[in-house]
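The values are calculated or read from the model by the stated rules, or taken from the named source; none is laboratory data. Nothing here was measured: the structure is a model prediction, and the numbers come from that model. When we count neighbours, we look across all protein chains shown, and the Cβ atoms used for this are built from the backbone with ideal geometry, even at glycine. Only protein heavy atoms, including side chains, enter the accessible area calculation; ligands, DNA and RNA are left aside. Shrake-Rupley method; radii C 1.70, N 1.55, O 1.52, S 1.80 Å.
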Amino acid sequence: RSKLDYLAGFSRFDTSNAIEDDRYHDATSIANAGYEMGGTQARFTLRNSVSASGIPGAYDFSQLVNDARQGDQDLYMTGTLENRTPGDWHNVVRYGVARKREQQTTFSQEGFPVTATEFNYQDLYYIGNVVTIRGANGYSATGAAILGEEGTSFPDRTDQVNNNDEFQYLTDYRFGRHFAAFGGFHYDHERGAFYEFQPFFSIVDNVDRTNFDYTANFQGDVKNRLFFSIGTGVEKDHLFGIRETPRFGLAWYPRRPGGGKFQGTKLRLSFSKAVQDADIFSQLDSLKSLVAQYDPNPSDANGVPPIGPQTTRTYEGGVDQSLIGQKLLVKATFFHNEYTGQVEFVGVNALSGPPFNIPSNEVLALDNSFIDGAYVNTLAYRAMGSELELEYRPLANLFIRGGYTYLDAVTQNSYASSTLAPTFNPSIPGVAIGATSPLVGARPFRRPPHTGYFSITYAEKKWVVGLTSAMVSRSDDSTFLASSAYRGASTNADNSLLLPNRDLDFGYMKLDANATYQFNPTLAFFGQVDNLLNNQHMGPIGFPSMPANFRLGVKVRFGL
């Protein structure tokens, strides 16, 4: 309306699923308002979401559901001023606010009480029903999973709070048609808190950190044939200090796009480095934080380094080729990524050895405080592979897309307990298993080596119909049931419900269809059918997925 534009919206979504305590609801409100003042535009956005969900857990492993619930309240707001001068100078100033609240409550202990022995220690445990677990790799196991043990009081509630305020300034200037410069500054202030409440005790932890980053980038082209981009960022992080993040990209057209059968060849090459700090809750349970909190002599933490940066180095190259007068586009990409210093949870018993070499008195202090371990930067893995993508428009009304990705991912370093001392299932002798994390030399969990997709869309004047599919091969994973199987004859807890990691998760093909009919400018009918093949293996092992489902609806547009 004149110089003012505005949008407001509200949605409410509820589900009630076949598994008990698996209900879900989400109520979301949005607002977006902008005002034009000559060459400057002011804009305000808001998004508020309130949701709650049951947490039934890995139902297939026990045929029982957790008596638990999670609630989330998320608020995001931004205020932006954007200015563009007649001389091609563009500036953006933005202030953003994020407020996240999460509450997870377990109301009671599910399962049947039994007395069993674990690590030569006899205690009261709660077990599920006897089930048979089958992996995609052909291995299977039968037993009752241990769901909990005596000692936890209920209700058990944990709250997480994450407040974030940020300021951002972006500027870019174009020097003629073939060269432009870009710069930016970003300030981020993050506060977090973790609370645990049980009837007889409570824990409160807090984090407050401030980060700055600066960036500069230059991009342009030479005769509209060679395109380049080069830049760097400098990040000053509260935890690990100053790091640089250089990057560059090149694209060259040896054959320009045109109307011929083999016109439009583009070669691409890029490189970048990036850093990311640990999330605030990993920082709270990092080695330095725990030693400072639980060691009788907190000054011992002075010799322990804080949790450091997670780093990524990425190389990528490829070729894009247009065919048949640009009706068909083929893209091939090759990538090699290195992820180092990634955060993982390492058991307390491993902290006394290299590379940590934590003094035994500090390890004993953590062990006596029932601390199982700490988060440290010891995980590294490589991800390399190739991608192939096709886009084809044989007719004006028909559009076809498809793609395939091959991923060769390998865990290169890890000090997680299951890597240092692999676990074995007594029923599958000789096969080392990563109970809680992948073994060195194995694939990271839930990273399938083969994935693909396709979509077909046909659009007429009133009709739009489509068919989409996602295809995923088997992937490595764990049942995470180490020392969690109960066999009544021996009353011992063992690893008999652990299965080998390799290809444990099933592959799947998810096929969806949709259609929209525009009856008139005001009224439209639509329908969506998901999982046409009724595939039940679309999630990690242990978690049933949604079967075939559909929705129908009407859209009504009111003109002003």
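Key figures
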| quantity | calculated |
| --- | --- |
| Only one of L511, L497, L504 that is touching a helix residue (DSSP H, G or I) at 6+ places or on another chain (Cβ under 8 Å) and either surrounded by 15 or more Cβ atoms within 10 Å (Cβ to Cβ) or modelled with pLDDT under 95 (or both) | L497 |
| Subset of region 376-398 (residues that are open to solvent by less than 60 Å² (accessible area, probe 1.4 Å) and over 30 Å from Y315 (Cβ atoms)) | P394, L398 |
| Residues being in a strand (DSSP E or B) and open to solvent by 50 Å² or more (accessible area, probe 1.4 Å) - total across region 49-79 | 5 |
| Tally, over region 277-303, of residues that are among the aromatic types (F, W, Y) and in a strand (DSSP E or B) | 0 |
| Residue within region 313-321 that is of a type in the set (A, V, I, L, M) and buried (at least 16 other Cβ atoms within 10 Å of the Cβ) present | no |
| Region 80-100, subset buried (at least 16 other Cβ atoms within 10 Å of the Cβ) and charged (D, E, K, R), residue nearest to A193 (Cα to Cα) | K100 |
| Lone qualifier among G34, G54 - being more than 30 Å from Y486 (Cα to Cα), small (G, A, S) and either touching a Lys or Arg at 6+ places or on another chain (Cβ under 8 Å) or free of Cβ contacts under 8 Å to residues at least 24 places away in the same chain (or both) | G34 |
| Residue list for region 442-469, filter: closer than 30 Å to L420 by Cβ and open to solvent by 60 Å² or more (accessible area, probe 1.4 Å) | R446, R447 |
| Residues of region 523-548 that turn out to be of a type outside the set (A, V, I, L, M, F, W, C) and either within 26 Å of K462 (Cβ to Cβ) or open to solvent by 70 Å² or more (accessible area, probe 1.4 Å) (or both), as a count | 6 |
| Test for I55: is it of a type in the set (V, I, T), at pLDDT below 95 and within 28 Å of the chain's Cα centre (by Cα) | yes |
| Any hit, region 470-482, residues being outside any loop (DSSP other than H, G, I, E, B), open to solvent by 20 Å² or more (accessible area, probe 1.4 Å) and among the basic types (K, R) | no |
| Test for S289: is it more than 21 Å from the chain's Cα centre (by Cα) and buried (at least 17 other Cβ atoms within 10 Å of the Cβ) | yes |
| Test set (1) touching a residue at least 12 places away in the same chain (Cβ under 8 Å); (2) open to solvent by 20 Å² or more (accessible area, probe 1.4 Å); (3) closer than 30 Å to N501 by Cα - G148 fails condition number | (2) |
| Flag for L7 being in contact (Cβ under 8 Å) with a residue 40 or more places away in the chain, open to solvent by 80 Å² or more (accessible area, probe 1.4 Å) and part of a strand (DSSP E or B) | no |
| Subset of region 420-457 (residues that are small (G, A, S) and assigned to a strand (DSSP E or B)) | G452, S455 |
| Test for N520: is it within 26 Å of the chain's Cα centre (by Cα), on the phi < 0 side of the Ramachandran plot and either among the polar types (S, T, N, Q) or open to solvent by 50 Å² or more (accessible area, probe 1.4 Å) (or both) | no |
| Selection status of N217, touching a Gly at 6+ places or on another chain (Cβ under 8 Å) and either surrounded by 14 or more Cβ atoms within 10 Å (Cβ to Cβ) or not in a strand (DSSP E or B) (or both) | yes |
| Leading residue by the ranking (modelled with the lowest pLDDT) among those in region 366-375 that are among the small types (G, A, S) and open to solvent by less than 10 Å² (accessible area, probe 1.4 Å) | G373 |
| Residue check, A251 open to solvent by less than 70 Å² (accessible area, probe 1.4 Å), farther than 23 Å from S282 by Cβ and either among the aromatic types (F, W, Y) or in a strand (DSSP E or B) (or both) | yes |
